[in-house]
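Novice: Quick one: the structure is below, questions incoming.
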Amino acid sequence: MDSILSKRSVYAENSILEEEREVEKLEKSGKKIIEINRGDPPVYFPTPKYIIDAYIKALRASETGYTRAEGVFPLIDAIIKRYRSKYKLSLKENDITVTAGVSEALNFINTILIDQGESAIIFRPYYNQYVTQLKLSGGVPIFEDYDEKNNWDLNPESIKKTLASLKSRNRLAHTKYMLITNPNNPTGTVLSRGVLKEVVDLANEYSIFLISDEIYDEIYFNKAKFTSLCELAKGIPHMILNGASKDFDATGFRIGYSIVPENDKISSEIKSKMADMAKVRLCVNTPAQYALAEGLSNLTEHKKAIAYMVKEIEKRVNSATDILEENEFLQTVRPNGAFYILPRVDFKSLRIKNDYEFVDRLLKEEGIFVTRGSGFGAESHIRIVSLPPKNILDYAMDKINYFCKKYAK
Ligand SMILES: Cc1ncc(COP(=O)(O)O)c(C=O)c1O
């Protein structure tokens, strides 16, 4: 035996964190590093006090044991109310499974849907975990590209071609789902309603299960309008993913949820298996479930907190984008949602081999830690997290511009 490890364990990696050791080393040697690699809002926006108070209250009420595996009823009820008031959706308790973040929901989805060698359609650039989790389940991604020339929106014509080709090759039955992200990490795009509708119609025509990761569904700006998949997919099998991490500024709570609103055969099978998966791992963090229930229910406090956060993020993203636009070696599509910027880099003019080298040199020479685009299926790009205060972020952008000029000489 060469190694005790399974073959699929090779896929257990995370490009966002891969330079962390290097950062630790640099910091130990006294260098100051600006880390704009990880989308972790509580680092810059403390989790709202009313949510923390609810967490502590649950602890004091001895809510410290296992809970109902699919999620405590106060949280399930709060999710039902949110979707009723926001989208006029009538959900039932068993439509919802509470998970340890969207991350765990992704793990459940791939475990219950993917047999060895089967596929899912993943849109590129993608949030890196989609591909990792699919591969860890033995799956093979089929990539479809978001259209960079059209604000990184979906491209229905190209999706139709892919679906038709899969059908003609008898691969459609082994292509288990199509996964979109709205608003998007890493592009910051908010998908347009019209194009989203076309994609919903295609999913219906080709009978492919559609999943929308809407974890940033309250973080959009620059006059963008967000449409949830559940508004357009009535009567069509689909799933919405969401959670506490971004809108509720509580990444460390590790709480997310999946919603399957329809009751057709596919939807019923999926939601029942999601619940079975929840039972396998017993439950998720108990006080955090009560804290998110409060987050979702206390609309007055939530509105205040999210309005402040979005206003700040809008300022920070726009200012950083303005500075990057001065850089002739970068091409940046202005983001309208989430808090990421994904500039295309002209590595050739900089005589830098690729995104790995760019990230490594920028870190070691300028103390700015960004993420390589190839981790998201975008090897000509780098990803910037625009959460630090404006003066720090602007300084980091100036450093990136300085770095590019230095290499272009
Ligand atoms: C699009 C997207 N989905 C899911 C996640 C992970 O979410 P969670 O913290 O709920 O596991 C992230 C985290 O950055 C994300 O950007």
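Novice: Can you pull out every residue in segment 17-61 that is touching a Ser or Thr at 6+ places or on another chain (Cβ under 9 Å), more than 30 Å from residue 291 (Cβ to Cβ) and either within 16 Å of the ligand (Cβ to nearest atom) or in a helix (DSSP H, G or I) (or both)?
Specialist: Passing the criteria: only 18.
Novice: Which pairs do you get when a residue that is closer than 15 Å to residue 399 by Cα, found in segment 320-349, comes within reach of a residue that is within 16 Å of the ligand (Cβ to nearest atom) and not β-branched (Val, Ile, Thr), reach meaning Cβ atoms under 6 angstrom, with the pair 6+ apart or on two chains?
Specialist: Short answer, once both residue conditions are applied: 320/386.
Novice: While we're on this one: Suppose we keep only residues that are within 22 Å of residue 68 (Cα to Cα) and part of a loop (DSSP other than H, G, I, E, B) within segment 224-262. Which one would you say is farthest from the ligand (Cβ to nearest atom)?
Specialist: Applying the filter and picking the extreme gives 261.
Novice: Quick one: which residue in 95, 77 is more than 12 Å from the ligand (Cβ to nearest atom), surrounded by fewer than 20 Cβ atoms within 10 Å (Cβ to Cβ) and of a type outside the set (Lys, Arg)?
Specialist: That would be 77, the only listed residue that is more than 12 Å from the ligand (Cβ to nearest atom), surrounded by fewer than 20 Cβ atoms within 10 Å (Cβ to Cβ) and of a type outside the set (Lys, Arg).
Novice: Search segment 193-223 for residues being closer than 27 Å to residue 298 by Cα and among the aromatic types (Phe, Trp, Tyr), and hand back the single one that is nearest to the ligand (Cβ to nearest atom).
Specialist: If we take residues in segment 193-223 being closer than 27 Å to residue 298 by Cα and among the aromatic types (Phe, Trp, Tyr), then 216 is nearest to the ligand (Cβ to nearest atom).
Novice: Does residue 102 satisfy the condition of being within 13 Å of the ligand (Cβ to nearest atom), in a helix (DSSP H, G or I) and either of a type in the set (Phe, Trp, Tyr) or touching a residue at least 40 places away in the same chain (Cβ under 8 Å) (or both)?
Specialist: It is true that residue 102 is within 13 Å of the ligand (Cβ to nearest atom), in a helix (DSSP H, G or I) and either of a type in the set (Phe, Trp, Tyr) or touching a residue at least 40 places away in the same chain (Cβ under 8 Å) (or both).
Novice: Oh, and also: Name the residues in segment 235-266 that are over 20 Å from the mean Cα position of the chain (by Cα) and in contact (Cβ under 8 Å) with a residue 24 or more places away in the chain, would you? Steps first, answer last, please.
Specialist: As a first pass, look at segment 235-266 and keep what is over 20 Å from the mean Cα position of the chain (by Cα): 235-237, 261-266.
Selection gives 235, 236, 237, 261, 262, 264, 266.
Novice: Which of the residues belonging to segment 164-196 are basic (Lys, Arg), surrounded by 15 or more Cβ atoms within 10 Å (Cβ to Cβ) and in a helix (DSSP H, G or I)?
Specialist: Result: 167, single match.
Novice: I'd like the full set of residues that are of a type in the set (Val, Ile, Thr), more than 19 Å from the chain's Cα centre (by Cα) and not in a helix (DSSP H, G or I), limited to segment 197-223.
Specialist: 208
Novice: Which residue is nearest to residue 378 (Cα to Cα), if the candidates are limited to segment 105-124 and must be in a helix (DSSP H, G or I), within 16 Å of the ligand (Cβ to nearest atom) and aliphatic (A, V, I, L, M)?
Specialist: Among those that are in a helix (DSSP H, G or I), within 16 Å of the ligand (Cβ to nearest atom) and aliphatic (A, V, I, L, M), it is 106.
Bear in mind these aren't lab numbers, they're just calculated from the coordinates by the rules spelled out. Values in this document were obtained by computation on a predicted structure and should not be read as measured data. Cβ sites come from the backbone with ideal geometry, for glycine too, and all protein chains shown count toward neighbours.
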